[in-house]
Amino acid sequence: MARPRKNGLDYYPVDVNFLGDIKVKKVIRSHGIQAVAVILHLLGTVYRDNGYYATYDDDLLFITADELNLEEKYVKDVVEKLLEVDFFSREQAEKNKVLTSIGIQERYRKATERRISVNINDSLCIQKPRSSEDNVYRSTQSKVKESKVKESRVEDRDASDLAEASKLSKSENEVAKIFEFYQNNIGVPTPFVQQNIKQWVDDTNPELVMLAIEKAIKDNVFKFSYAETILNSWVKQGVKSKVEAIAEMNRRAQARRNGYQNNGYQKRSGYVETVPSWTNDTDKPKQQQTELDPVKQQELLDQISKLATSKKG
């Protein structure tokens with residue numbers, strides 16, 4: 001059974017000047033700072049569930065109030081103020097019972113531009129001003145020729161477009177696997193980490209990025225910055241594939257086992273230790289002892305005997 005298609009987003013951008021927006025300021029002025037929590041909760045619901053709209057009904061008001069520990073009437077008043085200042089489209093709220101806006105739909109299109117197909121319901125789409133129409137005075141013959149040229153170009157691009165779509169789909173699946181592995185072993189990746197992972201996948205390949213994260217976990221360093229250090233090292237070494245990366249890791253491990261330090265120090269080849277010369281004295285021939293002449297030996301014995309006798313007297 002095929003997995004249902006995901007419409008919502010995992011995260012959405014928030015303008016750094018969000019609190020400085022005149023529309024947000026007006027809502028805060030009339031309903032207090034708690035209104036910010038309501039706004040962020042509503043935006044989260046919009047982007048998470050459907051991607052570009054949220055159904056505006058009693059359930060939405062109840063869930064928002066319940067999760068923020070606020071009164072439903074207060075939440076409804078904030079929503080009405082948001083519609084009044086055109087933060088959300090009042091036309092869509094009254095006509096289709098949804099909360100959406102041009103900005104929300106533009107961000108949704110931007111965030112999903114790499115998906116194979118993204119469709120916004122025509123009845124919910126807020127039309128933007130269109131570009132100027134073609135000159136109505138062009139000849140019919142010219143229009144027919146242009147139409148044929150366009151059709152020819154479309155046919156020529158069909159094969160390449162399908163190949164590109166397949167490539168993008170495969171890349172997205174591989175990035176999704178990395179995100180899932182990261183979340184299961186390190187934690188939910190922040191938008192910053194997700195962006196860095198995507199960039200590394202584009203610059204290298206998914207296998208290298210996955211291997212670097214696995215290496216970081218094995219080394220008990222649960223940060224993507226450590227995995228980035230590993231990836232940078234491989235790039236400097238000219239490593240371009242998983243096989244080459246494994247070979248590089250094995251080489252480093254063998255070097256450590258051989259006593260080499262990470263800073264690259266090693267004993268100079270051909271090094272000879274200087275040994276003091278006196279240690280070689282044992283190899284020299286010993287000096288021979290000379291025997292005393294028998295006459296001199298007897299004289300020494302007599303002298304010793306006389307000294308012994310004098311001491312006794």
Given the pairs Lys26/Lys110; Lys73/Lys95; Lys25/Lys198, which are separated by over 25 angstrom at their Cα positions? Lys26/Lys110; Lys25/Lys198
Computed for the stretch 1-123: size of charge dipole around the Cα centre, +1 on C-beta of each Lys and Arg, -1 on C-beta of each Asp and Glu, debye to nearest 20, value 560 debye
What whole number of Å gives the distance from the Cα centroid of the stretch 32-62 to the Cα centroid of the stretch 174-201? 26 Å
Can you work out ³J(HN,Hα) from phi for every residue in the stretch 81-90, in order, using Karplus 6.51 cos²θ - 1.76 cosθ + 1.60 and θ = phi - 60°, giving whole Hz and x for Gly and Pro? 5, 4, 5, 5, 8, 6, 5, 10, 6, 5
Would you compute the Debye intensity of the stretch 1-108 from its alpha-carbon atoms alone, equal scatterers and no solvent, and pass along log10 I(q)/I(0) at q = 0.14, 0.20 Å⁻¹ to two decimals? -0.53, -1.10
For the stretch 184-195, Karplus-derived ³J(HN,Hα) couplings (6.51, -1.76, 1.60; θ = phi - 60°; whole Hz; x for glycine and proline) come out as 6, 10, 10, x, 5, x, 6, x, 5, 5, 4, 5
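Readers should treat all values here as calculations from the given coordinates under stated rules, not as data from a laboratory. Keep in mind that this is a model prediction, so the values were computed, not measured. Here Cβ is always computed from backbone atoms with ideal geometry, including for glycine, and neighbour counts include all displayed protein chains.
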